[in-house]
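To start, the structure itself, in structure tokens.
The values are calculated or read from the model by the stated rules, or taken from the named source; none is laboratory data. All of these numbers come straight from a predicted model, not from anything done at the bench. Note: ideal-geometry Cβ built from the backbone for every residue, glycine included; neighbour counts use all protein chains shown. To get the accessible areas, we keep the full protein, side chains included, count just its heavy atoms, and leave off ligands, DNA and RNA. Shrake-Rupley method; radii C 1.70, N 1.55, O 1.52, S 1.80 Å.
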Amino acid sequence: MFGATPEAEKKFINEDLPKHVGNIERQLGDNEWFVGGKLSVADIAVYDALTSKCRALVPDFLGAFPKLDAFVKRVEALPNM
């Protein structure tokens, strides 16, 4: 965690990450994609953040966010992804 103290790392994983990921899930809402009803660069940016950053810190964190979990699976099911 980039030199963070164990306490700061624990706070980030248990408090900050869920808060921010929850905000992202609220922005997605019941939509399939984040912008305009079709895949956009915003979707790829969110996908990258969720899979390469968040998942690296907490591998199973998407279990608490079913809409984002479905979103990640939807992106991964696209051809050439």
(message) Which condition from (1) part of a helix (DSSP H, G or I); (2) open to solvent by 40 Å² or more (accessible area, probe 1.4 Å); (3) of a type outside the set (Phe, Trp, Tyr) is the one that residue 36 breaks?
(response) (1)
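Tell me which residues, restricted to the range 56-70, are in contact with a helix residue (DSSP H, G or I) (Cβ under 8 Å, 6 or more places away or on another chain) and within 28 Å of residue 4 (Cβ to Cβ).
Residues of the range 56-70 that are in contact with a helix residue (DSSP H, G or I) (Cβ under 8 Å, 6 or more places away or on another chain), as a first pass: 57-58, 61-65, 67-69.
Across the range 56-70, the qualifying residues are 57, 58, 61, 62, 63, 64, 65, 68, 69.
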(request) Name the residue, out of 53, 11, 38, that is over 27 Å from residue 79 (Cβ atoms) and out of contact with any helix residue (DSSP H, G or I) (no Cβ under 8 Å at 6 or more places or on another chain). (result) 11
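Looking only at the range 52-74, count how many residues are more than 22 Å from residue 10 (Cα to Cα) and touching a Leu at 6+ places or on another chain (Cβ under 8 Å). Write out each step before concluding.
Of the range 52-74, the ones more than 22 Å from residue 10 (Cα to Cα) are 66-74.
Checking the rest, the ones that are also touching a Leu at 6+ places or on another chain (Cβ under 8 Å) come to 67-69, 71-72.
Number of matching residues: 5.
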(message) Pairs please, first residue from the range 5-23 and within 11 Å of residue 54 (Cα to Cα), second anywhere and modelled with pLDDT of 90 or more and open to solvent by less than 50 Å² (accessible area, probe 1.4 Å), Cβ atoms under 7 Å, 6+ apart in sequence or on different chains.
(response) 21/65; 21/68
(request) For the range 40-55, enumerate the residues that are open to solvent by 80 Å² or more (accessible area, probe 1.4 Å) and at pLDDT 95 or above. (result) 41
(request) Pull up the range 56-75, narrow it to residues that are open to solvent by 80 Å² or more (accessible area, probe 1.4 Å) and part of a helix (DSSP H, G or I), then point me to the one that is nearest to residue 29 (Cα to Cα). (result) 67
(message) Need pairs with beta-carbon distance below 6 Å; first residue more than 17 Å from residue 21 (Cβ to Cβ) and within the range 31-50, second of a type in the set (A, V, I, L, M); sequence gap 6+ or separate chains.
(response) 33/39; 35/42
(message) Among the residues of the range 1-19, what is the count of those that are out of contact with any Cys (no Cβ under 7 Å at 6 or more places or on another chain) and surrounded by 13 or more Cβ atoms within 10 Å (Cβ to Cβ)?
(response) 6
